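Notes for the one structure printed next.
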Amino acid sequence: MLSNELKSELGLFLKHTDLTIFGENPNIISLMLSSIEYEFNKYPNLMHCDIDSIKDSIRTCIYLGLIPGSVYHQIYFFSFKDKNNNIICKPIIGYRGLTNILFRLNVVKKIDTHIVYKDDIFDIILGTKQEIFHKPNVLSKDSTIIAAYTIIKLNSNETIIEILPSREADIIKNNSNLSIAWTVYEGEMYKKTCLKRAIKRINFPINQIDILKIIQEEEYNAPINKTINESRSDVIIKNKLKEI
């Protein structure tokens, strides 16, 4: 549970932080605090995290324009161990958070990402004319995921289709430092991973590269039973967030 002392300290921290990215919302501080408190109550291990790492995680959320916590499913807090064996807090972007960022970058018109289950009818046609046929079996009780796919409509009217079969997802999962996120949010991680693969094929303006690096490199974070060295995205975050 989030202690009154920590809640007060984080409230003061937010009060002195630039939150204009969220617009003119007079309730943004209380909204952020309540969402963080819910997350700490849900995952008590977060209480053991270094306070500076918690503040850094909040700064990252603000920089990306996302509200933390599983209430909004935009960006989550997880406890990790760094190379010195200290327990720190790290933010992990969720699928909704990723779509939120992409729409604000003003490059895409529409994003559709879906999970394909074992008993669904699913067919793909690739080539000069790409097509996907997907008929979900809503009566099936089999929750085995066999694939995910993303269809992105760009502002240029170009369409990008990306498929993530389970065999490829398993390789990514087994080699990712985000195994805890795959365990807790498997379906969402399928959708997010497929979407991340798709956006690699989009040509973004140069002034948006820093945000994209943070998105693409978060797998360098490590779960609680592993250690982590500072990644390039950590350096980007620290440099950018000194201004917040």
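Calculate for the chain the 222 nm mean residue ellipticity that helices alone would give, adding -39,500 (n - 2.57) per DSSP H run of length 4 or more and normalising by residue count, nearest 500 deg cm²/dmol. Kindly include the intermediate steps, with their values, before the conclusion.
Numbers: 9 runs with 100 residues, N = 244.
Using -39500 (n - 2.57) per qualifying helix, the result is -12500 deg cm²/dmol.
The residues neighbouring residue 109, those whose beta-carbon lies less than 12 Å from its own, together hold a net charge of 0 under the Lys/Arg +1, Asp/Glu -1 convention.
Projection of the Cα convex hull of the range 45-94, averaged over all directions and equal to a quarter of that hull's surface, yields 3.3 nm². No disulfide-compatible partner, judged by a Cβ distance under 4.7 Å, exists for the following cysteines of the chain: 61, 194. Relative to the longest principal axis of the Cα atoms of the chain, the long axis of helix 95-104 lies at roughly 90 degrees. Each Lys or Arg adds one and each Asp or Glu takes one away; over the other residues whose Cβ falls under 14 Å from the Cβ of residue 132, this sums to -2. With the largest listed first and rounded to whole Å, the semi-axes of the equivalent ellipsoid of the range 51-166 from the Cα gyration tensor are 33, 20, 12.
Once the Cα gyration tensor of the range 1-116 is found, what semi-axes does its equivalent ellipsoid get, as square roots of 5 times the eigenvalues, in whole Å, sorted largest first? Numbers along the way, then the final one.
On the way: eigenvalues 122, 66, 33 Å².
Semi-axes (√(5λ), whole Å): 25, 18, 13.
On a 0 to 90° scale, report how tilted helix 4-15 is relative to the longest principal axis of the chain, with both axes built from alpha carbons and the result rounded to the nearest 10. Rounded to the nearest ten degrees, it is 70.
Is the range 108-203 rounded, prolate or oblate when judged by the Cα gyration tensor, a ≥ b ≥ c being the square roots of its eigenvalues, rounded requiring a/c under 1.5 and prolate requiring a/b larger than b/c? Cα axes put the range 108-203 in the oblate bin.
The mean sequence separation of alpha-carbon pairs under 8 Å and at least six residues apart, normalised by the residue count of the range 1-136, gives a relative contact order of 16 percent. The C-alpha atoms of the chain define a longest principal axis, and helix 186-199 lies at about 80 degrees to it. Computed extension gain for residue 166 through residue 135, at 0.36 nm per residue and net of the alpha carbon distance, reaches 9.4 nm.
Working from Cα pairs under 8 Å separated by at least six residues, relative contact order for the range 108-203 is 29 percent. Our estimate of slack between residue 12 and residue 146, defined as 0.36 nm per intervening residue step minus the Cα-Cα distance, is 43.6 nm.
Would you tally the net charge around residue 152, using a Cβ to Cβ cut-off of less than 9 Å, leaving residue 152 out, and scoring K and R as +1, D and E as -1? It would help to have the intermediate numbers written out before the result.
Values: positive: 109, 110, 153, 201; negative: 112, 158, 162.
Summing Lys and Arg as +1 and Asp and Glu as -1 gives +1.
For residue 88, the residues whose modelled amide H falls within less than 5 Å of its own, excluding neighbours fewer than 5 places apart on the same chain, are 50, 80, 81, 82.
Computed from the coordinates by the stated procedures, all read-outs in this text should not be read as laboratory data. Bear in mind that the values here come from a model prediction, so they are computed numbers and not experimental data. No Cβ is skipped: glycine too gets one built from the backbone with ideal geometry, and neighbour counts run over all protein chains shown.
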